[in-house]
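The values are calculated or read from the model by the stated rules, or taken from the named source; none is laboratory data. Please read all numbers here as calculations on a predicted model, not as lab measurements. For neighbour counting, all protein chains shown are included, and Cβ atoms are generated from backbone atoms with ideal geometry for every residue, glycine included. When the accessible area is computed, the model is the full protein with side chains, heavy atoms only, and any ligands, DNA or RNA have been set aside. Shrake-Rupley method; radii C 1.70, N 1.55, O 1.52, S 1.80 Å.
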Amino acid sequence: MTTVAIALGANLGNRRAAFDFAVDQLSRVLSNLAISDFIETEPEGDGLQDQPLYLNGVAVGETTLAPREILAALLAIEKAYGRERPFPGAARPLDLVLILAGDAQEDSYGLQVPHPRFRERFFVLGPLSEIAPDMVDPVTGLRVWELLRNLLRDADR
């Protein structure tokens with residue numbers, strides 16, 4: 001079994017209902033599912049400042065699926081909830097992102113594991129450190145709590 005971390009995000013519609021749907025669906029794909037508390041954050045990225053606030057959280061569970069199979073499951077859950085992708089950075093009713101998949105490292109079309117920017121995002125590291133502080137980033141060898149400490153330290157500079 002591989003331990004995976006999945007970021008949850010939503011900034012359209014009933015965000016809590018979207019997360020309830022996602023957690024229900026994820027529980028069919030992942031065993032020993034743990035869900036972080038949810039936090040509200042500002043949209044990040046150029047041109048996204050006028051979008052509604054995000055609700056963010058993280059799910060951690062175990063699976064025998066390969067990273068590409070996990071990605072396919074996440075995309076199917078998003079689509080079942082009504083997610084469309086009209087353009088990059090568009091507001092979304094549900095966003096599920098594969099962050100970590102054990103020690104897997106893959107950079108191929110449509111799939112990057114670990115997620116290339118998760119180390120820079122409090123809205124991922126904060127909730128992830130709550131439920132899986134000792135999960136290891138296979139690229140840096142650092143635990144999630146260490147990545148969060150580094151992010152917060154760098155933000156103070």
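Would you check if Leu75 is modelled with pLDDT under 95, surrounded by 13 or more Cβ atoms within 10 Å (Cβ to Cβ) and either part of a loop (DSSP other than H, G, I, E, B) or not hydroxyl-bearing (Ser, Thr, Tyr) (or both)? Spelling it out, it is not the case that Leu75 is modelled with pLDDT under 95, surrounded by 13 or more Cβ atoms within 10 Å (Cβ to Cβ) and either part of a loop (DSSP other than H, G, I, E, B) or not hydroxyl-bearing (Ser, Thr, Tyr) (or both).
Regarding the stretch 38-53, can at least one residue be identified that is under 13 Å from Gly89 (Cα atoms) and among the polar types (S, T, N, Q)? Yes, some residue in the stretch 38-53 is under 13 Å from Gly89 (Cα atoms) and among the polar types (S, T, N, Q).
The set of residues in the stretch 119-157 being open to solvent by less than 90 Å² (accessible area, probe 1.4 Å), assigned to a loop (DSSP other than H, G, I, E, B) and not acidic (Asp, Glu) consists of Arg121, Ala132, Pro133, Met135, Pro138, Val139, Thr140, Gly141, Leu142. Answer yes or no as to whether Asp24 is in a helix (DSSP H, G or I), open to solvent by 70 Å² or more (accessible area, probe 1.4 Å) and at pLDDT 95 or above. For Asp24, the condition - in a helix (DSSP H, G or I), open to solvent by 70 Å² or more (accessible area, probe 1.4 Å) and at pLDDT 95 or above - is not met. Taking the stated definitions as given, is Gln112 modelled with pLDDT of 95 or more, under 22 Å from Gly45 (Cα atoms) and open to solvent by 30 Å² or more (accessible area, probe 1.4 Å)? When the stated conditions are applied, Gln112 passes them. Of the numbered conditions (1) open to solvent by less than 20 Å² (accessible area, probe 1.4 Å); (2) part of a loop (DSSP other than H, G, I, E, B), Val58 fails exactly one; give the number of that condition. For Val58, the exception is condition (2).
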